[in-house]
Amino acid sequence: MSNSAKENLEKMGVELPTPVAPVANYVPFTNSGNLYSISGQIPMKDGQLPYTGKVGVDVSEEDGYQAARLCAINIVAQMNVICGGDLGRVRKVIKLGAFVNCDNGFANQPEVVNGASDFMVEVFGEAGKHSRSAVGTNALPRNVSVEIDCLVDIAD
Amino acid sequence: MSNSAKENLEKMGVELPTPVAPVANYVPFTNSGNLYSISGQIPMKDGQLPYTGKVGVDVSEEDGYQAARLCAINIVAQMNVICGGDLGRVRKVIKLGAFVNCDNGFANQPEVVNGASDFMVEVFGEAGKHSRSAVGTNALPRNVSVEIDCLVDIAD
Amino acid sequence: MSNSAKENLEKMGVELPTPVAPVANYVPFTNSGNLYSISGQIPMKDGQLPYTGKVGVDVSEEDGYQAARLCAINIVAQMNVICGGDLGRVRKVIKLGAFVNCDNGFANQPEVVNGASDFMVEVFGEAGKHSRSAVGTNALPRNVSVEIDCLVDIAD
């Protein structure tokens, strides 16, 4: 199933961006054996931040869903680097840790984060089914609407 | 010590719920080898959410403790599924990642999250002693008072 | 490179504190094989909390950077306990999970958390380059300005 990740991306019309390494003393990913940790990804596209501010206030819940999906695209772009372009090496998406920029009253973080969860399963099928946490926060870097990090098991 | 987890639960009068799988593209747990990641659990009991709102405002700190304990019960219920009912396979609770719904001024997240930490040690003894993070947040899914996820090492 | 961690600390004039175990049912670190999880560390120095309140309001961004650095010092102090004093056993800092106490408008969490990231690389060189997440929060334990937890790969 996960062997067709590249085909799935093509069918979906998603072109993975070429990740830019952070200009700081951290890196986009690390690993302990086959377990890889991918740094928190933000909804950046072509160097722009289309989704900023609080979900439910500054952007709609549907926009929040798209922001989460964009975080997931950037996560998969990092997996693609790890895999040297062979996404069939992704054995299991272990965990998404998702933070939704929102006001005190907001309670639909799960619906927002589904934008990332749905994407993972669309791309990887069973291997994309992950555990996750989805919580709210009052503030995120660059005022983005969603940030998501990831643990993933990748074969040698 | 951890072989008596079932006995400990009985002595405590805790009946583990039968977890309901999320209706979404994520799953309650995943694993990379013996390391299992359990999705963020909320204080749900019999399909109800007895603890909602901010700890210290809408619910008391003692209620927050009970909410954290209820999250931990739901985490152990997931472990029980992983183990096929044999909780003696739980080798070590590795980490609890805890989020407490609270106002800006609130500073007693550790006391709240102790509700989960105490439960883990009551059930598993030494194997239940875990690392943890305990932070505040301005908003959680369904407006629950606490959300906790878990990493746990489970033997084959 | 990481063999000189002790020398690097000396050059930097950093003396690692002797960690005090938490008075609760959690522990400073756990492990699943060579992967260690270190509990969320706060900016405590000599039993005092020099950085409390919101970064950008109660303390400056530069103070936030120092608070993050202090969290990192306390993380490395835990690694030192794990390693029995031989920090050369640290193979790779896998992940820092960082929470910055801030107001809604604050967007410079990355600059704050660089205080921890810079420290890890100053101490461990390449082995200190880690993945990370950096998010805001409205409240932290004891009202500290930053809390950071850590995953680290340590050789037997």
Of the residues C:ASN108, C:ASN34, C:ASN25, which exhibits the maximal mean-square fluctuation in a Gaussian network model of chain C defined by a 10 Å Cα contact cut-off? C:ASN25
What is the calculated FRET efficiency for A:ASN34 to C:VAL81, with r their C-beta to C-beta distance and R₀ = 25 Å, to the nearest 0.05? 0.35
Placing unit charges on C-beta atoms (Lys and Arg positive, Asp and Glu negative, everything else neutral), compute the dipole magnitude of the protein assembly as shown about its Cα centre in debye, rounded to 20. 740
Net charge near B:LEU96: determine it from the other residues with C-beta under 13 Å of the C-beta of B:LEU96, scoring Lys and Arg +1 and Asp and Glu -1. +1
Return the FRET efficiency for the residue pair A:ALA24, C:ALA155: r is the Cβ-Cβ distance, R0 is 22 Å, and the value is rounded to the nearest 0.05. 0.25
Summing -39500 (n - 2.57) over every DSSP H run of at least 4 in chain A, dividing by its residue total and rounding to the nearest 500, the 222 nm mean residue ellipticity is -9500 deg cm²/dmol
Net charge contributed by nearby residues that have their C-beta within less than 13 Å of A:ILE154 (K/R +1, D/E -1): 0
Of A:MET120, A:MET79, A:GLY136, which is farthest along the charge dipole of the range A:2-154 in the positive direction, counting Lys and Arg as +1 and Asp and Glu as -1 at C-beta? A:MET79
Taking Cα atoms only, helix B:61-82 is inclined relative to the longest principal axis of chain B by an angle, in degrees rounded to 10, of 30
Which net charge results for the neighbourhood of B:SER133, defined as the other residues with beta-carbon distances under 9 angstrom from its beta-carbon, given Lys and Arg at +1 and Asp and Glu at -1? 0
Counting Lys and Arg as +1 and Asp and Glu as -1, each charge on the Cβ, what is the dipole of the range A:2-154 about the Cα centre in debye, to the nearest 20? 440
Pseudo-spin-label distance B:GLU61 to C:GLU15, built 7 Å along Cα→Cβ, given in nm, is 3.4
Find which of B:LEU35, B:ASN108, B:ALA5 sits farthest along the positive direction of the dipole of chain B, computed with +1 on the beta-carbon of Lys and Arg, -1 on that of Asp and Glu, about the Cα centre. B:LEU35
Label position 7 Å from Cα toward Cβ: report the copy-to-copy distances for C:GLU126 in nm, one decimal, ordered from shortest. 3.8, 3.8
Taking H placed 1.01 Å from N in the peptide plane, check which residues at least 5 places from C:VAL57 or on another chain put their amide H under 5 Å from its amide H. none
Quick check: the angle from helix A:109-124's long axis to the longest principal axis of chain A, C-alpha only, nearest 10 degrees? 20
Calculated label separations, C:MET12, copies of the chain, 7 Å along the beta-carbon direction, nm: 3.9, 3.9
Axis carrying C onto B: which residue of C has the nearest Cβ, and how far, whole Å? C:ASN138, 3
Taking every residue of A:124-134, the Cβ atoms of other protein chains inside 10 Å of its Cβ average out to 6
So if I take the centroid of the Cα atoms in the range B:79-156 and the same for the range A:16-40, what is the distance between those two points in Å? 27
If you plug each phi of the range A:135-145 into the Karplus form 6.51 cos²θ - 1.76 cosθ + 1.60 with θ = phi - 60°, what whole-Hz ³J(HN,Hα) values come out, in order, with x for Gly and Pro? 10, x, 8, 8, 6, 9, x, 6, 6, 5, 7
Around C:ASP86, which amide H atoms from residues at least 5 apart in sequence, or from another chain, sit under 5 Å from its own amide H, with H modelled in the peptide plane? none
Stokes-Einstein diffusion coefficient for chain C at 25 °C in a medium of 0.890 mPa s, Rh from the Kirkwood formula over Cα pairs: what value in µm²/s? 159
B:LEU49 label points, 7 Å along Cα→Cβ, one per copy: pairwise distances from this copy to the rest in nm, shortest first? 2.9, 2.9
Mean per-residue count of partner chain Cβ within 10 Å for B:97-106 equals 5
If you average 1/r over all unlike Cα pairs in the range A:1-81 and invert the result, what Kirkwood radius do you get in angstrom? 14.2
Which peptide among A:109-115, A:50-56 comes first, and what is the full order, when sorted by highest mean count of other Cβ atoms within 10 Å? A:109-115, A:50-56
Hey, what did the range A:2-154 get for relative contact order, percent, Cα under 8 Å, at least 6 apart? 35
Links that overshoot a 18 Å alpha carbon limit, given the list C:LYS54/C:LYS129; B:LYS6/B:LYS92; A:LYS95/B:LYS95; A:LYS92/C:LYS92: C:LYS54/C:LYS129; A:LYS92/C:LYS92
By its C-alpha gyration tensor, with a ≥ b ≥ c as the square roots of the eigenvalues, how is the protein assembly as shown shaped: rounded for a/c under 1.5, else prolate for a/b larger than b/c, else oblate? rounded
Between A:ASP103 and A:ARG142, with labels modelled 7 Å along Cα→Cβ, what's the label distance in nm to one decimal, could you check? 2.6
Distance in nm between pseudo-label sites at B:SER4 and A:GLU126 (7 Å out along the Cβ direction from Cα): 4.0
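We did not get these values from a lab; they are worked out from the coordinates using the rules stated. This structure is a prediction, so every number in the text was calculated from the model and none was measured. For neighbour counting, all protein chains shown are included, and Cβ atoms are generated from backbone atoms with ideal geometry for every residue, glycine included.
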